[in-house]
Amino acid sequence: MGGAAWAGIAGILKARMGAHEVINTIMLNYIAIRLTDWLIKSKTPYILGDPADTSSSRTQFIAETMRLPHIPVGSVTVLHLGIIIALLLVFLVDWFLKRTTLGFELRTAGVNPNAARYAGISVPRTIVLAMALSGALVGVAAAGEVMGVRYALSADYYAGLGFDAIAVALLARNNPIGILFSGLLWGGLLTGARLMQVRAGLSIDVIKIVQALIIMFVAADQIVRFIYRIPQRRAGEEAMISKGWGGG
C-alpha cells in the first residue's frame, strides 16, 4: 500500500501536469530515502530505530512468525518464499494485462493515448493506476527482502535498484514474462562481476561495459528507425503500460 501510494504521486503529476514520470520518481526516491534514513536514525526520540542497536542504523527485527520460510536447496537455504510469490506475480501481471478489460485499457493508453481517448478511456486515470500498481509490486519486492533476508529495515538498504529495474524492463521490452529472463541475465552479470574481479582479476567495469552494450543493441531498433525515418510498428504489435524515457 505504501509503494502504491508513493508511486501514485508520480502518476498524478504525470496525468495532471505532464511531468515526466522518470524524473518524478527519481526525485521522490531521494525524498523517501532521506525521510526513511531520518526516521531510522532519530534518537530523540526513537521513531523507527532500534534502541538496542547502538548505531541505530536499522529498525527492530521483525517477529519470527512474520518471516518468510526458506526453501531448502541442498545445503543452501538462501532462497525463501518470496521467489515463489515473485513468479506468481509475473504470470498474474501477464494475465491481467492481456486478459482483462482494465489491462487492455492500460496497454491502449500506453501505446496511443489519442486512440484511447477516442475509445472513451480515461488516460489520466490509467496513468495513475499504472504507476500505483507498479509501486505496489515494488513494495511487495521490498517487503520480501525485509521479511525473507534482512528481517529489519536498515538505513543502507538502498542500492540503486531502480536504475537496474529500468534496464531489465527495457531489455524485456516491457513483457512480464520476458522480465524473468532479463532479470536472470542482469542478476547473473551483477553477481558474476564480483566473482570475476576476485577470481580472474578482471575489473568490474568490464561487466558495466557489457551491460551498456546490451542496452545499446536493444535500443538500436528505435535508433535505426529514427535515423532512416522507418515507420513505427503498428500499435497492436507491441504494447507498453506507459510511455518511457521519450514518452510525451
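Output the residues belonging to the stretch 131-154 that are more than 14 Å from Trp6 (Cβ to Cβ) and not hydroxyl-bearing (Ser, Thr, Tyr).
Matches in the stretch 131-154: Gly144, Glu145, Val146, Met147, Gly148, Val149, Arg150, Ala152, Leu153.
Can we say Arg67 is farther than 30 Å from Met17 by Cβ, more than 20 Å from the chain's Cα centre (by Cα) and basic (Lys, Arg)?
Yes, satisfied.
Can we say Leu185 is of a type in the set (A, V, I, L, M, F, W, C), within 20 Å of Leu79 (Cβ to Cβ), surrounded by 13 or more Cβ atoms within 10 Å (Cβ to Cβ) and without any contact (Cβ under 8 Å) to a residue 60 or more places away in the chain?
When the stated conditions are applied, Leu185 passes them.
Check Ala86, Ala5 and return the single one that is closer than 21 Å to Asn174 by Cα and touching a residue at least 12 places away in the same chain (Cβ under 8 Å).
The match here is Ala86.
Applying the selection to the stretch 65-106, what residues are surrounded by 16 or more Cβ atoms within 10 Å (Cβ to Cβ) and part of a loop (DSSP other than H, G, I, E, B)?
Arg67, Leu68 - these are the residues of the stretch 65-106 that are surrounded by 16 or more Cβ atoms within 10 Å (Cβ to Cβ) and part of a loop (DSSP other than H, G, I, E, B).
Going residue by residue through the stretch 149-160, is there one that turns out to be of a type outside the set (Asp, Glu), in a helix (DSSP H, G or I) and in the same structural domain as Gln60 (by TED's automatic domain parsing)?
Yes, there is a match, as at least one residue in the stretch 149-160 is of a type outside the set (Asp, Glu), in a helix (DSSP H, G or I) and in the same structural domain as Gln60 (by TED's automatic domain parsing).
If I filter the stretch 166-198 down to residues being among the polar types (S, T, N, Q) and not in a helix (DSSP H, G or I), which single residue comes out as farthest from the chain's Cα centre (by Cα)?
Asn175
Quick test of your reading of the structure: Leu13 fulfils all but one of (1) free of Cβ contacts under 8 Å to residues at least 40 places away in the same chain; (2) surrounded by fewer than 15 Cβ atoms within 10 Å (Cβ to Cβ). Name the failing condition by number.
With respect to (1) free of Cβ contacts under 8 Å to residues at least 40 places away in the same chain; (2) surrounded by fewer than 15 Cβ atoms within 10 Å (Cβ to Cβ), Leu13 is out only on (2).
Considering (1) outside any loop (DSSP other than H, G, I, E, B); (2) modelled with pLDDT of 90 or more, say which one Phe61 fails and leave the rest.
Status for Phe61: all satisfied but (1).
Condition test on Gly148, is it crowded, with 20+ Cβ neighbours inside 10 Å and either under 21 Å from the mean Cα position of the chain (by Cα) or within 30 Å of Leu68 (Cβ to Cβ) (or both)?
yes
For the stretch 213-230: of the residues being at pLDDT 80 or above and surrounded by 12 or more Cβ atoms within 10 Å (Cβ to Cβ), which is nearest to Thr191 (Cα to Cα)?
Only one residue fits best here, namely Ile214.
The values are calculated or read from the model by the stated rules, or taken from the named source; none is laboratory data. Please read these numbers as outputs of a predicted model, since none were measured by experiment. Heads up, the Cβs are rebuilt from the backbone with ideal geometry, glycines too, and the neighbour counts pull from every protein chain shown.
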